[in-house]
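The values are calculated or read from the model by the stated rules, or taken from the named source; none is laboratory data. As the structure is a prediction and not an experimental result, all values here were calculated from the model. Using ideal geometry, Cβ is built from the backbone for each residue, glycine included, and neighbour counts are taken over all protein chains shown.
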Amino acid sequence: MFESLFISLQLALVTTLILLCIAIPLAYVLAFKSFAGRTVLEVIVALPLVLPPTVLGYYVLLMIAPNSMLGSAWQNLFDSSLAFSFSGMVLASILYSLPFAVQPIQQAFRALPKQWLELGKNQGMNIKQVFRHIILPASKGGVLVASALAFAHTMGEFGVVLMVGGSIPGETKVASIALFEMVEMQQQSDASMLALILLAVSFVMLSLVYSINRKPMLAAS
Amino acid sequence: MKHALHFQAQFGNLLLDAQATFDDEIIVISGENGAGKTSLLRCIAGLEKATGSVQMGQTIWLDSVADFILPTEQRNIGFVYSEAVLLPWLSVEKNIKLGVKNGSGFQKIIADLELAPLMQRKPAMLSSGEAQRVALARAMYRQPSLLLLDEPFSAQAPEIRNRLRHVLKAWQKDFHTPILLVSHDTEEAKSLANQHWHMREGKLLVKVKGMLKNKVVNDE
């Protein structure tokens, strides 16, 4: 049981960290740039919100299958299969939780007072400096919310990780899948314990999100 | 040094038309609300699109014929808005030093503007007058080649206002930085202005000996 929980936590942590590196630039582009294909990009980012997880899992499987481009490159590079591996689950989780990471940051960027951005220019700061010293610190709350949501959402996924990971004990069997198998095998006490832990993790993460959102000027503290 | 503005800009129904030259001096700009005073400053700062030319000394900031626009961050301006824009998570000191690599005379500026005891405060703990002085200090500290002030003393008590005018005047003498100052205060105009501009429905009119002159000034 704790093995599966540990895998879940590990997956959520790795996914969240990688997601932040992707979500921040993506949110920046979506918040501040206008370009052809913007709407398409926004739709793609939001797609995992409505897509059945099995559909997403199916496409990720196709993408990382040993005979696919990505799958075979991975095979050559690391001499292991990307499908039914932890790394494969990370990839799938990144796609699955992408909107939860991008949207809060994008909203935080959009909510920035225009004068703050002008202030940076007036003070002779280039776009990199404005980002580092004004945009990012001012959006700290949004980044925290994004991290908490991405983490909680990854902890809670089921269909995608089952499709892509294959529920290999000690490798890709995460807590949510372990719970399902416990119920199937009528391991009542283990199941209720694991369910309670998952509930607690989600509760804590969402409490964090709501308390951050209640302080719109978190950055000011 | 000689500086020259020859540009136009459209803001809804208002056509901003600026034709003027100035030296390293203080220019007070008056005019009714909506006459384009703030827009004039924003165009000069490069924050709004304008067509024509802006030349500061030897440096060209805008030359529409050559399709050249110097970005705001490279114009080395100090810009104080009528409502102070401070970053709430930074102390007063860090707000003043924001983005500045080679500032000068920090101690003198904060002493002159009566900000010394406030250095470690956050903007939320400042009165509007104090916040406005912090914004002014920030613009002065970076040693701009042009200082743009949009009603910079509007939130100050009358007795401080007078002191601040002297500070500004002395600072201008020391650094020879041209200052464009928007003000509704006729007394302010009298005590500060080397030149007086008046904005009327978007048109920049140069006031000479109390008379408005719609002159088109050539550079040389």
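May I ask you to verify whether B:Lys108 is surrounded by fewer than 18 Cβ atoms within 10 Å (Cβ to Cβ), within 24 Å of A:Gly141 (Cα to Cα) and free of Cβ contacts under 8 Å to residues at least 24 places away in the same chain? Quick ask: steps written out before the conclusion?
Details: surrounded by fewer than 18 Cβ atoms within 10 Å (Cβ to Cβ): yes; within 24 Å of A:Gly141 (Cα to Cα): no; free of Cβ contacts under 8 Å to residues at least 24 places away in the same chain: yes.
No, not satisfied.
Let's see how each residue does on (1) crowded, with 19+ Cβ neighbours inside 10 Å; (2) not in a helix (DSSP H, G or I):
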position	(1), (2)
B:Glu73	yes, no
B:Asn95	yes, no
B:Ser104	no, yes
B:Gly129	no, no
B:Leu136	yes, no
Only one residue in A:Gly156, A:Gly165 is more than 8 Å from chain B (Cβ to nearest Cβ), surrounded by fewer than 24 Cβ atoms within 10 Å (Cβ to Cβ) and within 18 Å of A:Leu9 (Cβ to Cβ). Which one?
-> A:Gly156
Pair list, Cβ < 6 Å and 6+ apart or interchain, from the range B:44-55 residues that are within 14 Å of chain A (Cβ to nearest Cβ) to residues that are at pLDDT below 95 = none
Residues within the range A:97-119 that are surrounded by fewer than 24 Cβ atoms within 10 Å (Cβ to Cβ) and either of a type in the set (Asp, Glu) or within 14 Å of chain B (Cβ to nearest Cβ) (or both), tallied | 9
The residue that is nearest to B:Ile179 (Cα to Cα), considering only those in the range B:111-127 that are surrounded by 16 or more Cβ atoms within 10 Å (Cβ to Cβ) and not charged (D, E, K, R), is B:Leu113
Only one residue in A:Gly166, A:Gly159, A:Gly141 is closer than 30 Å to B:Leu47 by Cα, in contact (Cβ under 8 Å) with a residue 12 or more places away in the chain and under 22 Å from the mean Cα position of the chain (by Cα), so which one is that?
-> A:Gly141
Which members of the range A:186-214 meet the condition of being touching a helix residue (DSSP H, G or I) at 6+ places or on another chain (Cβ under 7 Å) and among the aliphatic types (A, V, I, L, M)?
-> A:Ala191, A:Leu194, A:Ala195, A:Ile197, A:Leu198, A:Val201, A:Met205, A:Leu206, A:Leu208, A:Val209, A:Ile212
How many residues, within the range B:115-174, are out of contact with any Gly (no Cβ under 8 Å at 6 or more places or on another chain), polar (S, T, N, Q) and closer than 21 Å to B:Glu93 by Cα?
-> 4
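What do you reckon, is B:Leu147 touching a residue at least 60 places away in the same chain (Cβ under 8 Å) and more than 10 Å from chain A (Cβ to nearest Cβ)? Before you say what the answer is, go through the steps one by one.
Working: touching a residue at least 60 places away in the same chain (Cβ under 8 Å): yes; more than 10 Å from chain A (Cβ to nearest Cβ): yes.
Criteria met by B:Leu147.
Scan the range B:138-197 residue by residue and report those that are polar (S, T, N, Q) and surrounded by 16 or more Cβ atoms within 10 Å (Cβ to Cβ). Spell out the reasoning first.
First, the residues of the range B:138-197 that are polar (S, T, N, Q): B:143, B:145, B:154, B:156, B:162, B:172, B:177, B:183, B:186, B:191, B:194-195.
Hits for the range B:138-197 are B:Gln143, B:Ser145, B:Ser154, B:Gln156, B:Gln172, B:Thr177, B:Ser183, B:Gln195.
Restricting to the range B:82-110, name every residue that is among the aliphatic types (A, V, I, L, M), in contact with a Leu (Cβ under 9 Å, 6 or more places away or on another chain) and at the interface with chain A (Cβ under 8 Å from one of its Cβ atoms). I'd like the intermediate steps shown before the answer.
First pass over the range B:82-110, keeping only residues among the aliphatic types (A, V, I, L, M): B:84-87, B:90, B:92, B:96, B:98, B:100, B:109-110.
Within this subset, residues satisfying the condition of being in contact with a Leu (Cβ under 9 Å, 6 or more places away or on another chain) are B:84-87, B:90, B:92, B:96, B:98, B:109-110.
If the condition is that a residue be among the aliphatic types (A, V, I, L, M), in contact with a Leu (Cβ under 9 Å, 6 or more places away or on another chain) and at the interface with chain A (Cβ under 8 Å from one of its Cβ atoms), then B:Val85, B:Leu87, B:Leu98 are the ones that fit.
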Scan the range B:166-220 for residues that are modelled with pLDDT under 90, of a type in the set (Val, Ile, Thr) and under 20 Å from B:Ala50 (Cα atoms) and jot them down.
-> B:Val216, B:Val217
Only one of these conditions is not met by B:Leu126: (1) closer than 23 Å to B:Ile26 by Cβ; (2) modelled with pLDDT of 95 or more. Which number is it?
-> (1)
